[in-house]
Structure formats: C-alpha cells, structure tokens
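Since every read-out is calculated from the coordinates, none of them should be taken as a lab result. All of these numbers come straight from a predicted model, not from anything done at the bench. In this analysis, Cβ positions are derived from the backbone assuming ideal geometry, glycine residues included, and neighbour counts consider all displayed protein chains.
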Amino acid sequence: MVALADIGMEEGIVLGRLEGGDGELLRRFFGRLSPQSIYRRFFSPLARPEQAHPELLLDLDGCNRVALVGLHRGEIVGVARYHREPGAGSAEVAVVIADEYQGRGLGSRLLRALGEKAREAGVDHFTVTTQWDNRAAKGLIKAFDPDVRFRFDDGVVKADVAIPAAWPALNAREKFRLLRSVGDLAALGDDDLRRLLPSFDETEVEPGTVVEAAGRPVRQYLVVASGNLSELRPDGPGCLGPGAARGFAAMASRGVSPTTLVVERPARLLVMGRSQFRALRSLAG
Ligand SMILES: CC(C)(COP(=O)(O)OP(=O)(O)OC[C@H]1O[C@@H](n2cnc3c(N)ncnc32)[C@H](O)[C@@H]1OP(=O)(O)O)[C@@H](O)C(=O)NCCC(=O)NCCS
C-alpha cells in the first residue's frame, strides 16, 4: 500500500494506492461488506470474500489497471478501481465504500482522485455499469459528470462518464461538503459554515509554488480542493490531497508555519486571509 494523501476527513481517512501485496487487507474489507453492497459491486451474492477474486483486483500496473483506497486506522474503507485495454481512451470503473462510511463523500473523493490518475494515463472517460435502482451509484456518477446519460443494456444500466480535463471551480454545495469534512471546522454548525462560504477565496496554484515556508509567519488558512501538495516535515515528506487543511493553529496564534508546503500537481485551494479568519474564529467560539 502506498499512502498518497491525507484527505483531511474528520475521521482521519487517508487516500492510498492499492498494491499487489495488499491481498489480506482487501479480503478483510470484502469480508466486512454487507450482502447488499457486495451485490451492488459484483452483481452477484458472494458467500466468501475469496469469491470477489482479490487476486484479480490486485493485478495492477499503475497505468492500465489502477486502484485507490480510503484507509482508516490501517483498514481499507473504500476502493475505486479502473481498468482498460492498454492505451484505450476509456476505462471501466467500479467503486465500493464500506457500509458505515457510505454517504459521507468518500466515494466522490476516491472517484475524483481516480479520475485525476486516469487523465494522467490518457483516459478521457470512464464506462460504468450499475443496477437501475442503485440510486447511490447513479448519484455518485451524476455528481462527477452532471451531463451523464444512463442507458439500459441487457438488464443493467450503463453510462459513459466524461473525466474533466481540468477540475472546474467548486459549486456552493461541493464547497460546503468539502469544508464540512474538515476537522478544524467541525465545531461550526451547518448554518454558520454556509455563512462562511463566501469568505473562502478559491485559487488555482501551479506545481512548484511554495505555499507556506517552515518558520515563516502564516498569513492564510487553506483547504485543498483538488490536486496535491507535498508537505516537508521533520519526520519526512507527506502529501496533502483534497480536504486536507493547514494553518488553523498558526493563524489563531499568529504563529509560524511548522512545515513547508509545495504544490505538486496543479491545485485548487480554498484560502482565508486574516480578516476572514477572525470572522471564522468568532463563529467557531
Ligand atoms: C455507490 C457508492 C460507491 C457511493 O459512494 P458514497 O461514498 O456513498 O457516495 P458519496 O457520499 O460520495 O455521494 C456521492 C453523490 O451521490 C449521492 N448519493 C449518495 N448516496 C445516495 C443515495 N442513497 N441516494 C441518492 N443519492 C445518493 C450524494 O448525494 C452525492 O451527490 P452530491 O455530491 O450531488 O450530493 C457507495 O454507496 C457504495 O459503495 N455502494 C455499494 C457498492 C456500489 O453500489 N457500487 C457501485 C458500482 S459502480
């Protein structure tokens, strides 16, 4: 397992890339899924986790077959995987989230991160197959590609899902969902958080940009909306992905940045300067 990014969800879920040696973790994940989720993902009931053929799902090459996972306390809580014929512009995608983590935005995070990886590999759309009554899967796909059209095909529903070349600015609902998952803001009620949305400026940042330098005063509170930042920490580098936030404590104490943050892949950040941050602090108590 390669841990890719802290995605900043309040539960401490991180994003990782599945690798060949992760069979036992994957088997445990399948073993915990409800029969309903198993059926939704594999189109048939499974009596034992082995029937999901973890060994096939672990046949990954980082380009034509890629799987990302959400990890919580060392256990897999969600998997998004694509595979394609070598070099093809489209790839078949499937996502499954642990039952108790469904409906909290993790499927969207994983699909978006997988979309970014697929784009890098030259894939411009996903194909997806689901059941007609799978409202959660259709909601997930619709949120990813609002123009998607579902079609009946042999008793199931299929769709071609466009992968954006660049991720568009977040709409108010996406902004709210992103900020709702940030631990620093957990004390704010939904109404207060909605009131604060306009105080976050959305900005695009190029790879190589140093967003914070260790030991320098922090002048902004930032939340990663898309892309990746690397964080140079004394104990080694880390990677921040969508939902990760930095600067809250330093802004509150007018302190300095404990680490250096450098943009790794084109990133979109939600940023709050000092005066807006004061408003946030007064609402957060
Ligand atoms: C389908 C699945 C992967 C979605 O992941 P998730 O983490 O629960 O979804 P999210 O919380 O990220 O929600 C994504 C979107 O779908 C919508 N959605 C989620 N559950 C929904 C439901 N039960 N009914 C309607 N819409 C729903 C959300 O509102 C959200 O849309 P929004 O951003 O416009 O608000 C997950 O429910 C799952 O694992 N289901 C079982 C396996 C499965 O069906 N896999 C699909 C095979 S492709």
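With +1 on each Lys and Arg Cβ and -1 on each Asp and Glu Cβ, and nothing else charged, work out how big the dipole of region 145-285 is about its Cα centre, in Debye to the nearest 20. Spell out each step's value before the answer.
Working: 19 positive and 18 negative charges, 126 e Å.
Rounded to the nearest 20 debye, it is 600 debye.
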message = For 56, 197, 283, 114, which order do you get if you count the other beta carbons within 10 Å of each Cβ and list the fewest first?
response = 56, 197, 283, 114
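Tell me the net charge near residue 58. Cut-off is 14 Å between Cβ atoms, residue 58 excluded, with +1 for each Lys or Arg and -1 for each Asp or Glu.
Summing Lys/Arg as +1 and Asp/Glu as -1 gives -2.
When every alpha-carbon pair in the chain is counted, what percent end up more than 25 Å apart? All intermediate terms of the calculation are to be shown ahead of the outcome.
Numbers: 19755 of 40470 pairs.
Result: 49 percent of Cα pairs exceed 25 Å.
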ask   = Mind checking which aspartates and glutamates have their C-alpha under 19 Å from residue 142, skipping anything on the same chain fewer than 8 residues away?
value = 92, 116, 124, 133, 153, 160, 174
query = Say a paramagnetic label sat at a point 7 Å from the Cα of residue 169, along Cα to Cβ; which residues of region 260-285 have their backbone N under 18 Å from it?
reply = 267-273
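With a cut-off of at most 10 other beta carbons within 10 Å, and DSSP calling the residue loop, which trypsin sites (Lys or Arg not before Pro) in region 47-101 qualify? Please list them.
73
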key: Largest to smallest principal axis extent of the C-alpha atoms in region 47-114, angstrom   = 36, 29, 20
Per DSSP, loop trypsin sites (Lys or Arg not before Pro) in region 112-153 with at most 11 further Cβ within 10 Å = 149
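Can you tally the net charge around residue 125? Count Lys and Arg as +1, Asp and Glu as -1, for every other residue whose Cβ sits under 9 Å from the Cβ of residue 125. Numbers along the way, then the final one.
Working: positive: none; negative: 124, 145, 160.
Net of charged neighbours comes to -3.
Would you calculate, for the chain, the mean residue ellipticity at 222 nm contributed by helices, counting each DSSP H stretch of 4 or more residues as -39,500 (n - 2.57) and dividing by all residues, to the nearest 500? Kindly include the intermediate steps, with their values, before the conclusion.
Working: 9 runs with 80 residues, N = 285.
Result for the chain: -8000 deg cm²/dmol, rounded to the nearest 500.
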Distance cut-off 21 Å, percentage of C-alpha pairs in region 27-174 lying past it = 44 percent
task = Specify the residue with the greatest mean-square fluctuation among 176, 152, 126, computed from a Gaussian network of the chain linking alpha-carbon atoms under 10 Å apart.
result = 152
inquiry  = Counting other beta carbons within 10 Å of each residue's own, what order do 246, 254, 219 fall into, fewest first?
reply    = 254, 219, 246
Ranked 174, 85, criterion: other C-beta atoms within 10 Å, fewest first = 85, 174
